[in-house]
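Coordinate-derived values only; no laboratory data. Predicted model, so just to flag it, every value in this text is computed and none were measured. Methodologically, a virtual Cβ is constructed for each residue, glycine included, from the backbone with ideal geometry; neighbour enumeration extends over all protein chains shown.
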Amino acid sequence: MNCAEAREGLSAALDGALGAEELRAVEAHAASCAECRRVRDELADVRRLLRGVDDADDVPGRTAAIGRGVLAAIAHPPPTEADLDRSRAERSGIARRMVWTLVGGVVAAVLLSVIVGTALTIWWVRHWSGLRAANPPGASGPAAPAPRSRGRLIVSAKDRGVRDQALALFKDWSGDIRVDQADTDNRLFSLTVDFRGQSDEVERLKRRLSDLHDANASVLMRWEFSITSD
Ligand SMILES: [Zn+2]
């Protein structure tokens, strides 16, 4: 039997609610425990006091109720300084465990993020170097198809050289092209070019033709140049 059980037993004994065997167990504990012995003796004193009050008082119910409250207070005394120290120690132990649990959680989280971060970095580097291997720098790669344009140039000039120069501008044309040339009896040299190619190449052609036009405006009988997006 421990102290708490002994105090319960002492309290029950006051109400006459304790059997002979339990009473012996409480007495055996009190015999070996100075603190519980002290409580038992105080209870006995209070019981004697209450008996005297009960005898003098004609409101026994009220007295008994007060007496039970007093006895309960003695049987379950407020915590002593030692008890408080013990519970403070327990609380600080709990706090220490909580702190260590928290520290452990933080350390685990940091480790996890390092591991995940490293794995992601390795994956990214491998993925990226794989992409580089598939598309070495400088290669256009599987980019979106370049915009394309189509156009038509019609030139008629009294000078054959103008027509030849215009034709020369198409010498290295990389796209589709169709060329018609015609010479007339009155020495009019004509050229019709239908072409199709990447838009930036068409823009370069447009600038060169513009220069050619400006340089030979005096001999041109007809000049038409039009482009449209594909
Ligand atoms: Zn005890």
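Numerical summary
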quantity	calculated
Relative contact order for the range 172-230, counting Cα pairs under 8 Å that sit 6 or more residues apart, in percent	25 percent
Between the range 157-230 and the range 31-47, the alpha-carbon center distance in angstrom	125 Å
Radius 9 Å from Cβ of Ser156, net charge of other residues (Lys, Arg +1; Asp, Glu -1)	+3
